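Heads up: the structure comes next, in structure tokens.
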Amino acid sequence: MAADNQQRLSAWMDNQADETISDEMIDALLEDEALQSTYSRYQLIGDAIRGEMPPVVDIDLTSRIADALEQEPTVLAPAQTESKPAAESGKVVSLLKQLGQYAIAATVAAVAVLGVQQYNQPGESEIPTPVLTTTPLTGVAAPVSLAAPTAEQVNDEAVAQQQRIMEQRKRINAYLQDHEQQRRLQPVEAEQPAVEESDTLEGTEER
Amino acid sequence: MTRTLFRSVVGGLLILLTISHAKGADKAPELLLQRMSDAFRQESYVISMVQNFGGRIEPLRLEHGFVDGHEISHLSYLNGPLRDIVRKDGTVSYLESERPAYSLKARQMDGPIPKPFLGDISAISENYRFVMGGKSRTAGRIAQLVRITPTEPDRYGLLVWSDVETGFLLRADVISREGDIVEQLQVVSIRLMDEPSEHLQSIAASQLPQTVPQPERRDTEDLVEWNVGWMPAGFELVNQDQHRLALTNDVVDYMMFSDGLIKFSVYINKVESQEERGSLVTRGALSLFSLINSGVEITVVGRMPPETAQRIAETVYPVVEKPRNKGLPNAG
């Protein structure tokens, strides 16, 4: 169940949730400290992937912001103007220098994609929603852990079905990615025969 | 007698004139498209544009110029994970957060603008007809419409708007045979520059990722041969090999076909599942159709109508009797 919530959170953060987030979910997030720390961790990962990490990584950002807000709300404004030139300069040159970071980001991205995919499945409805919605209302861990295994047993087939769909999605992504790759590789091969005829570019796709 | 001769001469001249005039009119759209690719290759500019497909919006920025005689262009995807394509003369580098950066030797980048519009438009004139349309206001400029329709059905057409003043592409719609817009590229602003920007200069000075050597062509005679029973006329086989898919590590037999404007891929993959099924995925103009038939998965991917992809996939079959005369002399 916790893993499910995390996926939900991840999808929500990436604006990729199929359903709009419910009030219960927000309440749950506000009450659940573990989920909150997960949330901030996800945000941090997202920042890292996008290359927007501050020079000094401040893990406990929320409390700092809260402090800052208490002292002087306008502190946020100069910080924003400062970040503007940074965003503009974040062009290729810096990209080229940061190539090494891509590999790390890639692994994280792969995990994120998997999580979202699982969440986005149509099979989602197979998981009994009442259990989900009652979780925040009761606010106790015990009923959830009790409910979880039974739900799994009932939905063994649904899980298998989900895995099949996941597998298929992965394969489809593999083909889409490879097609793009092959298209990029193509022009060079096309150049050789094209030399005899004229300077024609072997036709290529639009994207 | 002289009068009839005179008449026939005048008549012939008139016919000649009309023919040459008609020819000139036929050439006009092609010349316009040629002018577009000249503009893309010769000018220095920054173009902001938006790509629109399947309910998604993709903002992009394309910068192009010359630094010390080197042609530099930079395409940047502005939303989501970092994706950049940089071209320095004949080397194109792909910088993406999803995988390590790499460079390829290529004349044009694989970006949102159809490659013939950046290169030689006559490459597609065999399979597509160009027809002049009307003028309209696009991206705040006066634009001339050119319709690019496939000579054979079963694939998408293009509507292209070209800036009357500068020749640049201002808008391109991929349209289905019914006239529905499948995908759209809309330029928002064009800024022409006299001098290359600092940004382009810094790219020119920077080190691009290492060029990946071209994968060696394997001897296709070692492969099981597959035939595609049907495909729209005008497509030709441009590549055939066997390679691994990066994501799943599956080994696939692979073929690529091109008609000058679009390319489609055919994948043949052995799978354990015996259950027969087909699946279809579309993203804007891109269609993927996959079917499993007696343990073999056949997948067709390309920017074509889903029905076409399905029809192609359904006609792929193995060549049963494979001539093996090459191996025998070596053995003996």
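We did not get these values from a lab; they are worked out from the coordinates using the rules stated. Predicted model, so just to flag it, every value in this text is computed and none were measured. With ideal geometry, Cβ positions are generated from the backbone for all residues, glycine too; neighbour counts draw on all protein chains shown.
Using the Cβ-Cβ distance between B:E152 and A:Q177 with R0 set to 25 Å, the FRET efficiency from 1/(1 + (r/R0)^6) comes to roughly 0.30.
Within the shell of other residues whose beta carbon sits under 15 angstrom from the beta carbon of B:D194, the net charge comes to -3, with Lys and Arg scored +1 and Asp and Glu -1.
Past the 27 Å Cα-Cα mark, which pairs from B:K105/B:K263; B:K27/B:K88; B:K115/B:K135; A:K170/B:K270; A:K170/B:K115; B:K27/B:K115? Before the final figure, lay out each step's value.
On the way: B:K105/B:K263 19 Å; B:K27/B:K88 32 Å; B:K115/B:K135 24 Å; A:K170/B:K270 16 Å; A:K170/B:K115 29 Å; B:K27/B:K115 20 Å.
Going by Cα-Cα distance, B:K27/B:K88; A:K170/B:K115 fall outside the 27 Å limit.
A simple spin-label model places the labels of A:A160 and A:A68 5.3 nm from each other, with each point 7 Å out along Cα-to-Cβ. For the listed peptides B:204-212, B:105-113, B:155-163, a ranking on the average number of other beta carbons within 10 Å per residue, highest first, reads B:155-163, B:105-113, B:204-212. Can you pull the percent of Cα pairs in region B:50-191 with separation above 22 Å? More than 22 Å apart: 46 percent of the Cα pairs in region B:50-191.
For region B:278-307 and region B:30-97, what is the centre-to-centre distance using only Cα atoms, to the nearest Å? Using only Cα atoms to place each centre, the spacing works out to 29 Å.
Taking R0 as 41 Å, what's the FRET efficiency between B:A246 and B:S206 from their Cβ-Cβ distance, rounded to 0.05? The calculated FRET efficiency here is 0.95.
Length available on full extension from B:V296 to B:Q34: 0.36 nm per residue minus the Cα-Cα distance, which gives 89.9 nm. Histogrammed with a bin width of 10 Å, the alpha carbon distances of region B:112-170 distribute as 22, 51, 24, 2 percent, first bin at zero.
To the nearest whole number, what is the average tally of beta carbon atoms from other chains within 10 Å of the beta carbons of peptide B:96-106?
Values: counts 3, 11, 8, 7, 5, 7, 2, 0, 6, 4, 10.
If you average over the peptide's residues, the count of other-chain Cβ atoms is 6.
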